[in-house]
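The values are calculated or read from the model by the stated rules, or taken from the named source; none is laboratory data. Remember, predicted model here, so these are calculated numbers, not experimental data. Backbone-built Cβ (ideal geometry, glycine too); neighbour counts: all protein chains shown. All accessible areas refer to the heavy atoms of the entire protein, side chains included, with ligands and DNA or RNA removed. Shrake-Rupley method; radii C 1.70, N 1.55, O 1.52, S 1.80 Å.
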Amino acid sequence: MKVIKRDGTTVDFDPQKIVLAIEKANAAVDEECRIEANKIKSIAEYVHGKNRPRLLVEDIQDIVERQLQEAGKYDLAKAYIIYRYRRALVRKSNTTDESILTLIRNSNKDVMEENSNKNAVMASTQRDLIAGEVSKDLTRRVILPEKIAKAHDDAVIHFHDMDYFIQPIFNCCLINIGDMLDNGTVMNGKMIESPRSFQVACNVMTQIIASVASSQYGGQSVDVRHLGKYLRRSRDKFVIRARETLGENVDPKILEAVVDERLREELKAGVQTIQYQINTLMTTNGQSPFVTLFLHLRDDDPYIEENAMIIEEIIRQRLQGIKNEKGVYVTPAFPKLVYVLDENNCLKGGKYDYLTHLAVKCSAKRMYPDYISAKKMRENYEGNVFSPMGCRSFLAPWKDENGNYKFEGRFNQGVVSLNLPQIGILSEGDEDKFWKLLDERLELCFEAIMCRHNALKGVRSDVSPIHWQYGAIARLAKGETIDKYLYGGYSSISLGYIGIYEMTKAVKGCSHTTPEGKDFALRVMRRLRETCNRWRAQTNIGFALYGTPAESLCYRFARIDKERFGTIKDITDKGYYTNSYHVDVREDIDAFSKFEFESEFQKLSSGGAISYVEIPNMQNNPKAIEAAVQFIYDHIQYAEFNTKSDYCMVCGYDGEIIINDDNEWECPQCHNKDHAKMNVTRRTCGYLGENFWNVGKTKEIKARVLHL
């Protein structure tokens with residue numbers, strides 16, 4: 001028999017804990033009110049005799065109370081209740097000891113695996129994680145309304161980023177890097193003027209990224225097109241110097257060759273600065289900056305040729321990789337790359353198709369970049385094409401006082417996610433019951449989201465000068481509040497959702513890829529979107545429906561629901577819930593059909609949407625990737641590729657990670673056994689649970705992956 005503790009973890013039933021608790025209550029009452037040792041043992045055996053697969057610890061305590069009352073030991077039962085109450089007070093007064101100690105002992109898996117850019121073994125990262133545990137504790141016990149905290153604990157909703165909630169900071173943003181480079185900025189009280197060369201601009205940009213990342217959680221995105229003018233400045237500088245050296249009458253071809261050589265050297269060095277600094281800089285959070293580079297060639301850009309050169313060099317360096325401590329080229333986690341497909345590079349004879357061919361080659365080896373279709377994005381966002389934020393959420397179109405669309409310098413206030421499969425399970429196939437419960441839980445989400453919004457109200461610009469005073473978001477005066485940026489849709493605030501597939505299975509008994517299931521799933525999506533629109537109209541706050549990967553949350557929701565409801569076929573039996581609207585990984589569907597199907601859901605999930613397909617052995621299938629890229633441009637807004645192949649980040653081995661004779665995962669080349677240093681696919685389903693064997697004890701299961 002398993003016991004579900006208050007924190008959601010599961011332990012084996014231990015009757016001795018019941019005996020100990022009653023004995024402590026025994027000691028608190030007069031002798032004539034006490035119960036004999038053999039009867040205490042019989043009560044423990046009675047509970048054990050229930051023989052249920054799972055019992056909540058509160059249920060066990062209720063059974064003990066009833067047994068004491070039925071034995072006529074009312075004073076003892078009262079003492080036991082008081083003992084329970086006092087234990088509850090102890091838990092409520094301090095809930096962080098064990099979580100912090102497990103962090104220090106490197107055994108707190110939930111926290112250690114939550115963020116891919118945090119090395120939880122390092123002291124600097126542990127310092128931030130320990131502070132995060134204190135923040136979670138205060139948030140749950142003191143700051144959040146009790147029903148919101150309980151809903152989070154019961155996996156009704158997920159209140160994201162509790163580890164930073166007590167601080168006046170926000171989630172993701174699009175850094176206004178153009179303004180900061182052109183007009184200068186201030187870091188650590190020191191003026192940084194507009195750069196005069198490309199390499200200096202790259203260096204300043206990475207310093208800005210690190211500074212911004214240190215004063216918020218979530219990710220930051222940068223549009224690299226703002227670097228084009230600085231590459232031209234470098235070219236102009238090299239032309240002047242070359243003429244000074246070679247004379248005014250130098251042959252134009254020689255002049256061009258000299259300038260071009262120097263420019264390409266500076267281009268390579270500048271991009272290396274971006275790549276190496278982002279991967280070696282540590283923010284005050286003890287992690288690498290979670291940064292995305294947005295790669296888009298706009299036909300109206302006066303620096304389009306320079307930006308084509310920059311994009312080419314960025315992709316070439318990502319294709320090459322970055323050396324690890326062994327001197328082997330490996331795939332860096334950051335910066336993430338988002339490559340935009342437009343008329344000029346969508347593999348239909350455009351001038352910049354060569355860049356897309358290079359991007360495809362990079363995808364085959366490094367699984368990056370992601371791809372955005374400018375064509376589909378313009379259809380969904382009033383003709384605009386812009387970067388997703390680091391968390392892959394999208395902003396809604398917003399115009400300034402001059403009627404111009406603005407995206408850079410905007411941000412997301414935070415996220416609360418809804419567990420849709422749990423609503424499906426509780427509805428027991430009754431659609432009317434489902435809609436009623438959905439509406440009730442959406443109102444609970446609204447209360448939780450407003451907690452995030454209200455936490456930012458009244459915050460003054462002094463809390464993060466780089467954001468609010470020196471251009472990353474705004475240029476407010478010292479002491480000025482940020483409130484005007486919380487309203488009118490300037491910033492977004494997100495309703496996330498998990499498990500459209502499992503929800504549909506629970507209510508309709510079929511996948512959302514079937515006609516009946518799809519109709520129901522789209523009706524649910526419309527309800528979610530309409531609710532966000534209603535909240536926006538009521539509050540003048542930019543509510544958005546957010547359907548991007550939730551990684552460990554897919555596992556957390558599924559784990560808690562399985563403990564509560566048991567094993568339910570195709571719902572809680574997999575160890576994970578599917579991300580947002582995604583097709584379940586076990587369904588037999590080709591890449592093009594998957595993209596076509598999920599594109600309908602992306603339109604409704606305008607606050608964040610990305611889709612994946614898996615192409616095995618991508619390095620041997622460049623034509624397959626090119627065909628998929630062409631399909632993306634015409635059919636879906638945002639997509640990414642996966643592969644099943646393993647990858648050792650210690651030695652660079654790119655092949656199957658074996659299981660050795662001790663049943664441990666091991667790189668056959670360098671014999672690395674550290675799972676954290678094995679790059680394995682987990683994007684499709686987001687599963688982050690324990691390694692396990694399937695029924696047949698085969699060796700086909702990859703560490704941390706649910707692809708069988």
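Computed from the Cβ-Cβ distance with R0 of 35 Å, the FRET efficiency linking Asp153 to Asp462 stands at 0.50. If you sort the three axes of the alpha carbon gyration tensor as a ≥ b ≥ c, you get a/c of 1.5 or more for the range 1-75 and a/b above b/c, which makes it prolate. Surface calculation, 1.4 Å probe, protein heavy atoms: Thr273 sits at approximately 30 Å² accessible. Here the range 352-457 was treated as a single set of alpha-carbon atoms; its pair distances binned every 5 Å from 0 give 2, 9, 12, 12, 13, 14, 14, 11, 8, 4, 1 percent. FRET efficiency for the Asp14 to Thr567 pair, using the beta carbon distance and R₀ = 25 Å, is estimated at 0.60.
Over the range 448-490, Cα pairs under 8 Å with separation of 6+ residues give a relative contact order of 37 percent.
Once both labels are positioned 7 Å from their Cα atoms along Cα-to-Cβ, the gap between Glu600 and Met450 label points is 3.5 nm. A straight Cα-to-Cα reach below 17 Å connects Lys574 with the aspartates and glutamates Glu502, Glu551, Asp561, Glu563, Asp584, Glu587, Asp588, Glu690, Glu700, residues fewer than 8 places away in its own chain not being considered.
Under the rule of at least 5 residues apart or a separate chain, name every residue whose amide H is placed under 5 Å from the amide H of Val330. Excluding prolines and chain starts, which carry no amide H, the hits are Ile322, Lys323, Asn324. On the range 293-380, 48 percent of the accessible area sits on carbon and sulfur atoms, based on a 1.4 Å probe.
For Glu23 and Asn188, the difference between the fully extended length at 0.36 nm per residue and the C-alpha to C-alpha distance is 53.4 nm. Legend: calculated FRET efficiency, Glu65 to Thr539, from the Cβ-Cβ distance at R0 = 56 Å, rounded to 0.05, equals 0.80.
Phi angles across the range 343-360 convert, under the Karplus curve 6.51 cos²θ - 1.76 cosθ + 1.60 with θ = phi - 60°, into 3J(HN,Hα) values of 4, 7, 8, 8, 6, 10, x, x, 4, 10, 4, 4, 5, 5, 4, 5, 4, 4 Hz, Gly and Pro given as x.
Could you check how many percent of all C-alpha pairs in the range 229-337 are farther apart than 25 Å? Of all Cα-Cα distances in the range 229-337, 37 percent exceed 25 Å. Contact order for the range 561-622, expressed relative to its length and based on alpha carbon pairs under 8 Å spaced 6+ residues apart, stands at 21 percent. Distant-in-sequence amide contacts of Arg54, defined by a placed amide H-H separation under 5 Å and a gap of 5 or more residues or a different chain, comprise Lys2. Among the listed pairs Lys50/Lys150; Lys361/Lys594; Lys50/Lys136; Lys229/Lys376; Lys323/Lys594, a Cα-Cα separation exceeding 31 Å is found for Lys50/Lys136; Lys323/Lys594. Computed extension gain for Lys2 through Asp251, at 0.36 nm per residue and net of the alpha carbon distance, reaches 81.2 nm. The heavy atoms of Glu440 offer some 90 square angstrom of accessible surface to a 1.4 angstrom probe. Taking amide H as placed 1.01 Å from N in the peptide plane, the amide H of Gly409 sits under 5 Å from that of Leu174, Ile175, Asn176, each at least 5 places away or on another chain.
Per residue, the range 386-496 exposes an accessible area of 34 Å² to a 1.4 Å probe, with every protein chain left in place. Backbone phi angles across the range 417-430, fed through the Karplus curve with coefficients 6.51, -1.76 and 1.60 (θ = phi - 60°), yield HN-Hα couplings of 10, 10, 8, 5, x, 5, 5, x, 4, 5, 6, 6, x, 8 Hz in residue order; Gly and Pro are listed as x.
Here the spin labels are modelled as points 7 Å beyond Cα on the Cα-Cβ line, and at Arg523 and Tyr46 they lie 4.8 nm apart.
Ranked from largest, the principal axis spans of the Cα set of the range 285-352 equal 41, 27, 19 Å. Note on Asn38 and Ile240: their simple-model spin labels are 10.2 nm apart, each label 7 Å out from Cα toward Cβ.
If every alpha-carbon in the range 502-618 counts as one equal scatterer, what log10 I(q)/I(0) does Debye give at q = 0.12, 0.17, 0.23 1/Å? Taking Cα atoms of the range 502-618 as identical point scatterers yields -0.49, -0.95, -1.40. A straight Cα-to-Cα reach below 12 Å connects Lys399 with the aspartates and glutamates Glu382, Glu408, residues fewer than 8 places away in its own chain not being considered.
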